[in-house]
Amino acid sequence: MSQSVDTRRFHVKLMNLQRSKKRLLMLAADLVALPLALWSAYALRFAELWPEEYLYPAGWLFVLLPLVGILIFIKLGLYRAVVRYMGAQAIWTVAFGVMILSLLLWASAYVLRIEPFPRSIPINFALVAMIYVGGSRLLMRSYYHWLLNHFLTKDAVLIYGAGGSGVQLARALAGSEELSCVGFLDDDKTLWGSSVAGLTVYDPASIPELVEDRRITSVLLAMPSATPKARKRILDRLADYPVHVRTVPAMHEIVSGESVANLREIEIEDLLGRDPVPPHAASYRFQYS
């Protein structure tokens with residue numbers, strides 16, 4: 001039990017490190033990954049772990065490469081990216097930086113007159129460095145989400161609506177420290193049992209089982225373009241279960257710049273089943289005349 005508590009404390013402490021320390025960790029990882037990628041490029045080219053006659057003449061490259069690589073990554077802003085939210089843009093940044101570094105590797109070998117230097121080494125290096133540098137960040141992102149799911153107490157939620165807004169909401173919740181999305185609900189029968197954004201889409205009729213088995217505490221409506229009548233039908237269905245229902249902003253609010261992840265409580269308009277009717281000005285004139 002004591003070991004389990006110590007392990008939990010270690011993981012939580014690691015997760016709560018300051019941003020500056022996390023950046024230093026990623027920088028240190030790159031200082032190891034880049035020379036390792038160069039050695040891997042030689043090992044792949046000659047199909048042996050230590051091709052001595054080729055490695056020793058290239059000794060300077062193992063020193064210069066990681067230093068230049070770190071400067072390039074800093075210039076490209078790679079260390080400003082938050083790893084837990086890292087997406088395609090960060091991967092493209094890694095790819096661009098590795099490509100520059102590969103060209104500089106070839107130029108350095110030419111300028112320093114390193115012989116022998118196979119022409120395939122920069123290509124092998126680029127491929128391997130992409131795996132090492134980019135893969136380390138994907139691994140850290142996966143590790144972070146694993147920590148969120150295993151060492152933090154989070155409320156299990158379902159998203160009603162497996163469309164674009166639902167997918168955006170699920171991705172936003174992936175980094176949440178309070179809510180854990182366990183799947184989608186959707187009225188489209190063709191989606192039942194399929195996987196959307198890595199989560200299963202369930203038949204709304206299975207809500208009772210999901211609430212009991214997965215301990216669902218909330219259902220989040222991600223249907224900003226649904227009609228008031230359709231929203232009321234869904235709310236009437238959910239009223240029979242002990243779940244907290246919240247909704248994403250309306251479509252006109254999203255178009256105006258409101259984030260899908262800004263959840264709000266159900267309002268009276270959602271319960272009417274129709275658009276609210278503004279008071280008629282004549283009735284006020286009659287009342288106060």
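Tabulated data
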| quantity | calculated |
| --- | --- |
| Among (1) modelled with pLDDT under 85; (2) surrounded by 15 or more Cβ atoms within 10 Å (Cβ to Cβ); (3) within 20 Å of G135 (Cα to Cα), the one test that Y54 misses | (3) |
| Of the criteria (1) modelled with pLDDT of 85 or more; (2) surrounded by 15 or more Cβ atoms within 10 Å (Cβ to Cβ); (3) not aliphatic (A, V, I, L, M), which one K75 fails | (2) |
| Those helices (runs of 4 or more DSSP H) lying entirely in the stretch 49-137 with at least 1 residues within 35 Å of the chain's Cα centre (by Cα), of a type in the set (A, V, I, L, M, F, W, C) and farther than 28 Å from K22 by Cβ | 59-75, 88-111, 121-129 |
| Subset of the stretch 161-188 that is free of Cβ contacts under 8 Å to residues at least 60 places away in the same chain and within 11 Å of the chain's Cα centre (by Cα) - its residue that is farthest from R215 (Cα to Cα) | R171 |
| G77 vs. criteria at positive phi and out of contact with any His (no Cβ under 7 Å at 6 or more places or on another chain) | yes |
| In the stretch 217-242, the residues that are within 22 Å of V167 (Cα to Cα), at pLDDT 85 or above and of a type in the set (S, T, Y) | T217, S218 |
| Some residue of the stretch 243-266 being modelled with pLDDT of 85 or more and either in a loop (DSSP other than H, G, I, E, B) or farther than 21 Å from L169 by Cα (or both) | yes |
| The stretch 208-234 residues that are not assigned by TED's automatic domain parsing to the domain that holds T247, paired with ones that are assigned to a loop (DSSP other than H, G, I, E, B) (beta carbon under 7 Å, 6 or more apart) | none |
| Only listed residue being basic (K, R), outside the structural domain of C181 (by TED's automatic domain parsing) and closer than 26 Å to L24 by Cβ, chosen from R113, R137 | R137 |
| Candidate set from the stretch 183-216 (those that are touching a Leu at 6+ places or on another chain (Cβ under 9 Å) and farther than 18 Å from G163 by Cβ); member that is modelled with the lowest pLDDT | R214 |
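The values are calculated or read from the model by the stated rules, or taken from the named source; none is laboratory data. Remember, it's a predicted structure, so these values are computed and weren't measured experimentally. Neighbour counts run over all protein chains shown; Cβ positions are idealised from the backbone, glycine included.
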